[in-house]
1. Does residue 37 satisfy the criteria of being modelled with pLDDT of 85 or more and either crowded, with 17+ Cβ neighbours inside 10 Å or in the same structural domain as residue 140 (by TED's automatic domain parsing) (or both)?
2. Quick check on residue 107: is it modelled with pLDDT of 95 or more and touching a strand residue (DSSP E or B) at 6+ places or on another chain (Cβ under 9 Å)?
3. Could you go through region 199-207 and let me know if any residue there is under 23 Å from residue 133 (Cβ atoms), touching a helix residue (DSSP H, G or I) at 6+ places or on another chain (Cβ under 8 Å), modelled with pLDDT under 95 and crowded, with 16+ Cβ neighbours inside 10 Å.
4. Testing residue 89 on (1) within 20 Å of residue 171 (Cα to Cα); (2) buried (at least 20 other Cβ atoms within 10 Å of the Cβ), one condition comes back false. Which one is that?
5. Identify, from the list 75, 32, the residue that is part of a loop (DSSP other than H, G, I, E, B) and at pLDDT below 80.
6. Of all residues in region 180-198, count the ones that are in contact with a helix residue (DSSP H, G or I) (Cβ under 8 Å, 6 or more places away or on another chain) and either over 16 Å from residue 101 (Cα atoms) or in a loop (DSSP other than H, G, I, E, B) (or both).
7. Taking the criterion of being in contact with a strand residue (DSSP E or B) (Cβ under 9 Å, 6 or more places away or on another chain) and under 26 Å from residue 48 (Cβ atoms), would at least one residue in region 190-203 satisfy it?
């Protein structure tokens, strides 16, 4: 939907609603504005101090100097790298999407006030949240730690996983999915995976390839990734 500013501004005026300055507002879809605001330098590195996350090639050099991640120390647990391509329904790579992750630490606790368990420690050096732009090759990439299991509904336990959100042009709202590990303890008993048909579970299971956990995200089509209602 677009909003015609001229239709709702009576009389000539030169302020921040003047159509001579702005005309119509952009359509209300998610993107493609991310590379100039939402990802930040270092936002995809949850364990170190690299600049991965935002795409430097899309920023003027003078604007690519702020917001480098500032870790307070080394997080506990196994440091891993996750990566994958974002692919649209026509099989084309999506080069202007953004992937957001949220996960528990290595002990299985979230860095959140909503996680009040006292028997599982908070890691003061691990936030569990990050953002990655897709590259010119349509690939997202994160450095993080392998998460521990977390509680599920009805007293069950969920297998180690990373929650992922996909933002991109043409999407009215973010798409929510998950990344599980092919060798993950508890995959067979995970209450969320159990709701996914056996033939589609592979779209949520990352495989280890040359030391990187890889999972492609397919937005539409035969091999479409399983997305969850929000």
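The values are calculated or read from the model by the stated rules, or taken from the named source; none is laboratory data. Only a predicted model underlies this, so the values are computations on that prediction, with no experimental measurement involved. Glycine also receives a Cβ, built like all others from the backbone with ideal geometry; neighbour counts cover every protein chain displayed.
1. So residue 37 fails the test.
2. For residue 107, the condition - modelled with pLDDT of 95 or more and touching a strand residue (DSSP E or B) at 6+ places or on another chain (Cβ under 9 Å) - is not met.
3. Scanning region 199-207 turns up no residue that is under 23 Å from residue 133 (Cβ atoms), touching a helix residue (DSSP H, G or I) at 6+ places or on another chain (Cβ under 8 Å), modelled with pLDDT under 95 and crowded, with 16+ Cβ neighbours inside 10 Å.
4. (2)
5. It is 32.
6. 4
7. No - not one qualifying residue is present in region 190-203.
Residues checked against (1) more than 20 Å from the chain's Cα centre (by Cα); (2) in contact (Cβ under 8 Å) with a residue 60 or more places away in the chain; (3) within 16 Å of residue 226 (Cβ to Cβ):
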| site | (1), (2), (3) |
| --- | --- |
| 127 | no, yes, no |
| 130 | no, yes, no |
| 135 | no, yes, no |
| 140 | no, yes, no |
| 151 | yes, no, no |
| 168 | no, yes, no |
| 177 | no, no, yes |
